[in-house]
Amino acid sequence: MYGVASVIVTAVLLPLLGFVAVCSRFYTRVRLTSTFVGIDDWSIAFSCLLVLGQGAAQIVGAVIGVLGRDDEPTADWRAANQAKITYATIIVEKFTYSCIKLSVLFFYRRIFLRRKTFRIVNNILIVLIALWGLVFFLLQVILESDNGHSVQPWGSQEWLLLWFAITDVLSDIAILALPYPCIRALQMSRRSKVELTLIFMLGTLSLVFGVVRLYFVTYRFAIFLDPSRPSSNTNTPPTFWTTAEVSVGLLAACLPPLKPLLVKIGGPIKHGLVSLRAGRSTQPERLSSEEHIAKIHGFNEGEMEAAKGAEYEMSDYDRIGAEEDAGK
């Protein structure tokens, strides 16, 4: 699963998917809804650049580093290259995670800002997430400098990576749970509430990837505590799932604002499906009518076919006659 090819393909496709979602978000804002481009949009745009950088770093790590090569003997030059890539990735990811979360929180304000309780909780979460990213960034810079940019961070760094992964999952849970009390209080039908809830629940995709990433970070931390554990395949999974999580988080953060675009695209598709279903339903009704007529007049199957042929021939003659009359 964590071969060089899969690492490169994932690093290309997932960030590209997030990039398309962000571009579609701005298109929806400017062309479809004519609403203002706010701080939530600019925050997700900056996050998109960081996610693309994360994907590029993963590709470079697979080509000249050790990513996807955990079961191979590690050459010194690959280890040195990977040390630089890991340093840059760990530093940048702090801004990536915090900007995506802040974008979601600022988007919530477009919908629920009038509710006082929500406004207070939302402001608290915005401050906490901003401080969360800044504090972990500063700690990471200080500890990386002290350790000489080692490929395998030492004790305090392992603790820092573990706590960052844990708080990442906890903050996702808090952000996902924030809008549901407000949705329940909205004056709308039950169906509309369910649809709105499902849209916001798309963020659970990022949460799932975050839990998987936490598992591999915890496994790596367990190796730090007990060096006798098997230590193969410990470099690639955390980086792999970090790229996957931020890419999916980027996509999930853009899906709620994309509802007008999805409705516009889905309208013709839905109309086509309804027309196709209606066309299929009329054919059995026509056959049933023919059988009903045959039953009334006492036609057998042969007579029914002859009647159909005569009808078709008469139609042709009528058409030819009409053309001749028109020619005269």
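Please treat every number below as a calculation from the coordinates, not as lab data. These figures come from a predicted structure and were not determined experimentally.
How many percent of all Cα-Cα pairs in region 4-254 sit more than 33 Å apart?
22
Compute the length gained on full extension between Ile91 and Leu138: take 0.36 nm times their separation in residues and subtract their Cα-Cα distance, giving the result in nm to one decimal. Numbers along the way, then the final one.
On the way: separation 47, 0.36 × 47 = 16.92 nm, distance 0.88 nm.
Net length gain for the segment: 16.0 nm.
Can you pull the three principal axis extents for the Cα set of region 1-91, in Å, largest first?
56, 24, 14
Of Lys101/Lys193; Lys94/Lys264; Lys94/Lys116; Lys94/Lys193, which ones are farther than 26 Å apart at the Cα?
Violating the 26 Å Cα-Cα cut-off are Lys94/Lys264; Lys94/Lys116; Lys94/Lys193.
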